[in-house]
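Here is the structure we will look at.
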Amino acid sequence: QSGEIMRIAVVGSGYVGLVSGACLADFGHKVVCIDKTEAKIVDLQAGRMPIYEPGLEDLVCKNSATGQLAFSTELGPAVADADVVFIAVGTPSRRGDGHADLSYIYEAAREIAAAVRGFTVVSVKSTVPVGTGDEVERIIRSCNPAADVAVVSNPEFLREGAAIDDFKRPDRIVIGLPSDERSREVMAEVYRPLYLNQAPIMFTGRRTSELIKYAANAFLALKITFINEIADLCENVGANVQEVARGIGLDNRIGSKFLHAGPGYGGSCFPKDTLALVKTAQDSGAPLRLVETTVAVNDQRKRTMARRIVLACGGNVRAKTIAVLGLTFKPNTDDVRDAPSLSIIQALIDFGASVRVYDPEGMEQAKLMLGASVDYARGVYECAKGADALVIVTEWNQFRALDFERLSRCMSKQVVVDLRNIYRREEVCKHGFEYVNVGEGV
Ligand code: UGA
């Protein structure tokens, strides 16, 4: 592969920073990932991952060994050396108003301003509201009028659990350029290995690029919410949502992905990004009513799911034990942020149930959120023991092949609530279970 080796600094070694840094190093660039949390850097230097993501540990260890990838708490030297500095710090929802909290971004901008040497591209990877690139540029120039920087927007489209694959085989790369176009060549060089692999690279304006990220996530959230409402309709009119999804998804204009009905979307992106987009749109005078409704419908859905479980238990869960399988917002991650499981569990507790939970990777994170309000099991069958209902909230592979004979022996009532439709009704019912799922009118 031809191409120049770029020196890259990644500010923020969270999910996005770490995956991007490791993949860029794997392309042959020389990358330093920076983070303020010393313990995290020490762990990474020793090859211990702060998050669970398939393939990440191998990639980090392999590229650390060759010296392509390094970790540091010190931003100064890495930024001074870099051709490109990626900003990949968090943008949580600001308490109270739903706007994205940009204080970490601006702090990074000030620190970068003080450290840059020579022409440097500053590439904002964090998900940020339209206009943030302008503000980052303004901050850098006011902190250091001599800084020779071009601030670009380069949103990520990584799914947790499939992030490395998404980085290496993206549907597209989006780069939002400032009026100073010198950055175009530099960014083209950073991603050269990818578009040699045919990934389309799209150059556009910086504000447009920032909006593409939000519009993409909002559209996906809308698609999920649409099929969830169709699922409710299916139940009322005796239709089957999985077949409806297949039937509409075969139309190329619609596409088959993100049409799995379930307990509502969660995670660290969709809930936060849809809210932030709604705020931006309202402030700009062009409200996005479809997205506003998506947010409201999705929030309500989690409560509806808890009521569905109560109904499956005969209308009352007081003093009953509910076993919950799956806490993370989706499989192959340990992330429980804004997971539907949390709202569902809270509602079940409010209805008087005792809840026992199990998740293959998310137990530690869940303990931080749920504390002593639930019991924690070490496996599926321990979780199900004596339970009045078994609820599948996350579609982990290991829940796809449950031993229903064994469950039947250890549970006190034979009720399965499958909120991800991972089973066929006959398969579960033949073992004597009552089976409740999503979007199958019977
Ligand atoms: C999402 C996007 O898919 C990424 O492209 C984006 O880069 C990322 O957000 C981000 O902004 O950083 P992620 O949050 O990791 O990625 O997870 P998804 O796979 O998109 O799932 C989000 C939620 O939607 C999960 O709770 C999942 O269970 C739910 N979902 C997804 C459904 O209920 N049905 C579906 O058909 C698909």
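Each peptide among 370-378, 69-77, 22-30 gets the average number of other Cβ atoms lying within 10 Å of its residues, and from highest to lowest they stand as 22-30, 69-77, 370-378. Under 5 Å from the amide H of Val152 lie the amide H atoms of Val122, Ser123, Val124, each residue being 5 or more positions distant or on a separate chain, with H modelled from the backbone and absent for Pro and chain starts. Applying the Karplus relation 6.51 cos²θ - 1.76 cosθ + 1.60 with θ = phi - 60° to segment 216-223 yields 3J(HN,Hα) values of 5, 5, 5, 5, 5, 5, 5, 4 Hz, where x marks Gly and Pro.
Between amide H atoms placed 1.01 Å from N, distances below 5 Å from Val355 occur with Ile322, Asp375, all of them 5 or more places distant or on a separate chain.
For the chain, the fraction of C-alpha pairs more than 28 angstrom apart is 54%. For the peptides 262-268, 228-234, 409-415, the ranking by packing is 262-268, 228-234, 409-415, with the highest mean count of neighbouring Cβ atoms within 10 Å listed first. Scalar couplings 3J(HN,Hα) for segment 292-308, obtained by applying the Karplus form with A = 6.51, B = -1.76, C = 1.60 to θ = phi - 60°, are 4, 5, 4, 4, 5, 5, 5, 4, 5, 4, 4, 5, 4, 5, 5, 5, 4 Hz; x denotes Gly and Pro. Each residue of segment 354-365 was assigned a 3J(HN,Hα) from its phi angle through the Karplus curve 6.51 cos²θ - 1.76 cosθ + 1.60 (θ = phi - 60°); the sequence is 9, 10, 10, 10, 8, 9, x, 10, x, 4, 5, 5 Hz, with glycine and proline shown as x. Taking a straight line from the alpha carbon of Lys223, these aspartates and glutamates sit under 17 Å away, with near neighbours fewer than eight places off in the same chain left out: Asp232, Glu243, Asp251, Asp273, Glu292, Asp299.
By the rule of a C-alpha distance below 15 Å, with chain neighbours fewer than 8 residues away ignored, the aspartates and glutamates paired with Lys430 are Asp403, Glu405. Too long at a 19 Å Cα-Cα cut-off: which of Lys367/Lys413; Lys320/Lys385; Lys125/Lys302? Those over the limit are Lys367/Lys413; Lys125/Lys302. Dipole orientation for segment 399-442: of the candidates Leu402, Val417, Val436, Leu402 has the Cα lying most toward the positive pole (charges on Cβ; Lys, Arg +1; Asp, Glu -1).
Rule-based calculations on the coordinates, nothing more; no lab input. What you see is a predicted model, and the numbers here were worked out from it, not measured in a lab. Glycine also receives a Cβ, built like all others from the backbone with ideal geometry; neighbour counts cover every protein chain displayed.
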